[in-house]
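The values are calculated or read from the model by the stated rules, or taken from the named source; none is laboratory data. Everything numeric in this text was worked out from a predicted model, so none of it was measured. Counting neighbours? That spans all protein chains shown, and the Cβs are built from the backbone with ideal geometry, glycine included. In case anyone asks, the SASA skips ligands and DNA or RNA and just uses the protein heavy atoms, side chains included. Shrake-Rupley method; radii C 1.70, N 1.55, O 1.52, S 1.80 Å.
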Amino acid sequence: MPDFDPAACTSEHLRGNLTDLRFRAWYGVPYTEHPAAPELQVLHIFIPEEYFTGGNKNGYTARTAPIFFPNAVGGYMEAPPCRPYVYEDGTFNTEAAALAHGYVVVSAGARGKNTQMNSRNIGKAPSVIVDLKAAVRFIRSVADRICGDPDKIISNGTSAGGAMSALLAASGDSPLYEPYLNEIGAVPESDRIFAASCYCPITNLENSDTAYEWQYGHLDRQHGHRWEQDGDHWKVTPVVNRIPEERMALSALLRRAFPDYINRTAPHGLTMKEDGTGSFADHIKQLILDSAKTAVQSGTEIPSGSGVDLSAGTVDFPKYCTYITRMKMPCAFDDPELHTYENDLFGSDTVDKRHFTQFGLEHSRCGGECAPDEPVFLMNAMNFIRHKGCAQHWRIRHGAADRDTSFAIPVLLAEGLRDAGKTVDFCLPWGVPHSGDYDLPELFAWIDRICR
Ligand code: DHB
C-alpha cells in the first residue's frame, strides 16, 4: 500500500472577490506502490475546513460530500494534478469553486504521450487511463481517513481529459486493465465511479476520421491557426489552407464508410442513408436547433448565414458546418504522415507515433506502423458503455462551435449510454468552441441533483 499520512496536510486560505475559502490540502500523495513516473503518479486532496469541525457546507457533511475528481489531461499529454487557485480578477478556478460549493476535491496526475524515462516512452496508451483508475482505487482505500463519500466520485475533464473522464466512468472495474494496474502496484480496490462530467470528449478515435468527413467532407478549406512566439507571448494568427486533392480523395473514401458504422451501432435506433442523411443526421440538426433556441432566450442573435432558421425550425447542416468551418485536414485523427496527437498517443515504448486504424495504415505516407488492437480498444469509452461497472450518471457538453471532432462522436456516446439505461444530460451549447468548465453553476447543480 502506498503510504498516506492523514496528519501531513496544510491549512490554506483563498480570498476571492465573492467569498473566502478555507480548506486543508495534501499535496503529492503517491497513489501506486510501484510508480513508473513517481513525480506524475501522485494526487492532491483538498477538503473544506468545515468538515474538520463537524460542520455542514451547502448541505453536505464530512461523510456525504461528493468527491469531485477533475483531471488536467489535454492533448493526451502528461498532466499534473489540478489545484485550487484564484484568478487575477478574483474569481475561483474550477477546483476552488468546487471546494466553495462543499465538494471534496481530489485530482491525480497521470502519464501521457510525452512521458519518458531513460529515453523510453512510458506514457503511451493506455497509461493515462490506468493512472486515473489507480488513483480512484487509492481514494477508496483511504476513504475512511479523509472526508467525502467514495461512492459519489464524479470525474471531470475537457477534450482528451473529457474522453478520459468518459472512459474512467464507463470502464469501472473492467478486468482488461488489471495487468497494467498490477504493473504499477495499484491498490486492489474498486475503480468504479458514480458519475462523469465530460466536456468535448475526444473519444471513439478509431471512428473519428469517418465521422469528421461525414460532417466536413463537403469543405475543401481548412481553417486553422498559426502559433508564433512574440517575445514572452504567443501570437495566434488564423490561417486558411486549401486541402490538397489527394487528401480530398481520402475524405471521400472515409465519408462513404461512416453510414455503415452508424447503421451497425444504430444508437437509439438512429440510422444513416448512403448519402449521410437520415434519422441520425436529423437528430443532430435537432440538437443544433435546440441549442439556437436556448441561445435566443438569453438574448443571443442567430446569424442568418449559420444555416439555422428558427422561424422555419430548420437547420441546413452542410451550411451550418460551412459557417463554423472545418478545422482539421482529412484524415483528422489517423494522419497519413503521423502528425496528430492521436498518432503520438498510440506510439509504443520505442516508437513515437503509430497509426491506429486499418485505413490509416493503408494510406500511410511515411511507412508508419499500426498499433495493436488492445491499446486502441482500451482507450475508447464506447467499448464499455454496456459494461456492468459503467457509471449511472453522465453530463456531456460539446460546444456547437467545436470543430475538434465531429458532433457525431459525443452524440454516439450520449445515445449509446441512454440505450444502456444510463441517465444522460447532453447538449451542444450555442457558439461555444472547444473548451470546458464554462458553466460551473450548472455543472454543480447537476452534481447536487444526482447526489442528494
Ligand atoms: C485535444 C484536441 C484535439 O483536437 C485532439 O484531437 C485531441 C485532444 C485536446 O485539446 O485535448
Problem - The one condition in (1) in contact (Cβ under 8 Å) with a residue 12 or more places away in the chain; (2) more than 16 Å from the ligand (Cβ to nearest atom); (3) out of contact with any Asp or Glu (no Cβ under 9 Å at 6 or more places or on another chain) that residue 304 fails to fulfil - result: (1)
Practice task
Could you check, for region 414-425, whether at least one of its residues is farther than 25 Å from residue 329 by Cα and within 16 Å of the ligand (Cβ to nearest atom)?
Solution key: no
Exercise for the section: Could you look through region 328-341, keep only residues that are open to solvent by less than 30 Å² (accessible area, probe 1.4 Å) and within 14 Å of the ligand (Cβ to nearest atom), and pick out the one that is farthest from residue 404 (Cα to Cα)? Expected result: 338
Problem - Residues (within 16 Å of the ligand (Cβ to nearest atom) and within 22 Å of residue 258 (Cα to Cα)) located in region 342-370 - result: 342, 343, 355, 356, 357, 360
Practice task
Tell me, yes or no, whether region 257-269 has at least one residue that is free of Cβ contacts under 8 Å to residues at least 60 places away in the same chain, out of contact with any helix residue (DSSP H, G or I) (no Cβ under 8 Å at 6 or more places or on another chain), farther than 17 Å from residue 212 by Cβ and open to solvent by 60 Å² or more (accessible area, probe 1.4 Å).
Solution key: yes
Practice task
Take the residues in region 110-121 that are within 25 Å of residue 45 (Cβ to Cβ) and more than 15 Å from the chain's Cα centre (by Cα), then tell me which one is surrounded by the most Cβ atoms within 10 Å (Cβ to Cβ).
Solution key: 111
Practice task
Inspect region 426-439 for any residue being more than 26 Å from residue 223 (Cα to Cα), open to solvent by 10 Å² or more (accessible area, probe 1.4 Å) and away from the ligand (no atom under 14 Å from the Cβ) and give the result as yes or no.
Solution key: yes
Completion exercise
Residue hits (region 82-136; assigned to a loop (DSSP other than H, G, I, E, B) and closer than 25 Å to residue 61 by Cβ) are 82, 83, 84, 93, 101, 102, 103
Exercise for the section: Might you let me know whether region 315-327 holds any residue that is of a type outside the set (A, V, I, L, M), modelled with pLDDT of 95 or more and within 16 Å of the ligand (Cβ to nearest atom)? Expected result: yes
Handout entry: Hey, residue 445 within 15 Å of the chain's Cα centre (by Cα) and part of a helix (DSSP H, G or I) or not
Key = no
Practice task
Output the residue which, of all residues in region 1-57 that are surrounded by fewer than 19 Cβ atoms within 10 Å (Cβ to Cβ) and among the β-branched types (Val, Ile, Thr), is nearest to residue 184 (Cα to Cα).
Solution key: 10
Completion exercise
When every residue in region 270-281 that is surrounded by 12 or more Cβ atoms within 10 Å (Cβ to Cβ) and more than 19 Å from residue 397 (Cα to Cα) is compared, the one farthest from the chain's Cα centre (by Cα) is 273
Practice task
For region 68-80, state whether one or more residues are among the charged types (D, E, K, R), out of contact with any Asp or Glu (no Cβ under 7 Å at 6 or more places or on another chain) and closer than 28 Å to residue 183 by Cα.
Solution key: yes
Exercise for the section: Take region 59-98 and flag every residue that is more than 20 Å from residue 27 (Cα to Cα) and either open to solvent by 50 Å² or more (accessible area, probe 1.4 Å) or of a type in the set (Lys, Arg) (or both). Expected result: 59, 63, 64, 77, 87, 88, 89, 91
Completion exercise
Checked against (1) open to solvent by less than 10 Å² (accessible area, probe 1.4 Å); (2) over 21 Å from residue 35 (Cβ atoms), residue 218 satisfies every condition except (1)
Exercise for the section: Name, by its number, the condition in (1) part of a strand (DSSP E or B); (2) at pLDDT 95 or above that does not hold for residue 225. Expected result: (2)
Practice task
Go through (1) open to solvent by 10 Å² or more (accessible area, probe 1.4 Å); (2) of a type in the set (Ser, Thr, Tyr); (3) within 12 Å of the ligand (Cβ to nearest atom); (4) at negative phi and name the single condition residue 210 misses.
Solution key: (3)
Exercise for the section: Working only within region 6-38, note down all residues that are more than 30 Å from residue 113 (Cα to Cα) and in contact with a helix residue (DSSP H, G or I) (Cβ under 8 Å, 6 or more places away or on another chain). Expected result: 6, 11, 14, 16, 19, 21, 22, 23, 24
Handout entry: Conditions (1) open to solvent by 60 Å² or more (accessible area, probe 1.4 Å); (2) modelled with pLDDT under 95; (3) hydrophobic (A, V, I, L, M, F, W, C); number of the one not met by residue 296
Key = (2)
Practice task
Taking the options 128, 105, name whichever one is among the β-branched types (Val, Ile, Thr) and within 16 Å of the ligand (Cβ to nearest atom).
Solution key: 128
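Residues checked against (1) touching a strand residue (DSSP E or B) at 6+ places or on another chain (Cβ under 8 Å); (2) modelled with pLDDT of 95 or more; (3) more than 16 Å from the ligand (Cβ to nearest atom); (4) in the same structural domain as residue 37 (by TED's automatic domain parsing):
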{"position": "151", "(1), (2), (3), (4)": "no, yes, yes, yes"}
{"position": "155", "(1), (2), (3), (4)": "yes, yes, no, yes"}
{"position": "160", "(1), (2), (3), (4)": "no, yes, no, yes"}
{"position": "172", "(1), (2), (3), (4)": "no, yes, yes, yes"}
{"position": "179", "(1), (2), (3), (4)": "no, yes, yes, yes"}
{"position": "184", "(1), (2), (3), (4)": "no, yes, yes, yes"}
{"position": "188", "(1), (2), (3), (4)": "no, yes, yes, yes"}
{"position": "197", "(1), (2), (3), (4)": "yes, yes, no, yes"}
{"position": "215", "(1), (2), (3), (4)": "no, yes, no, no"}
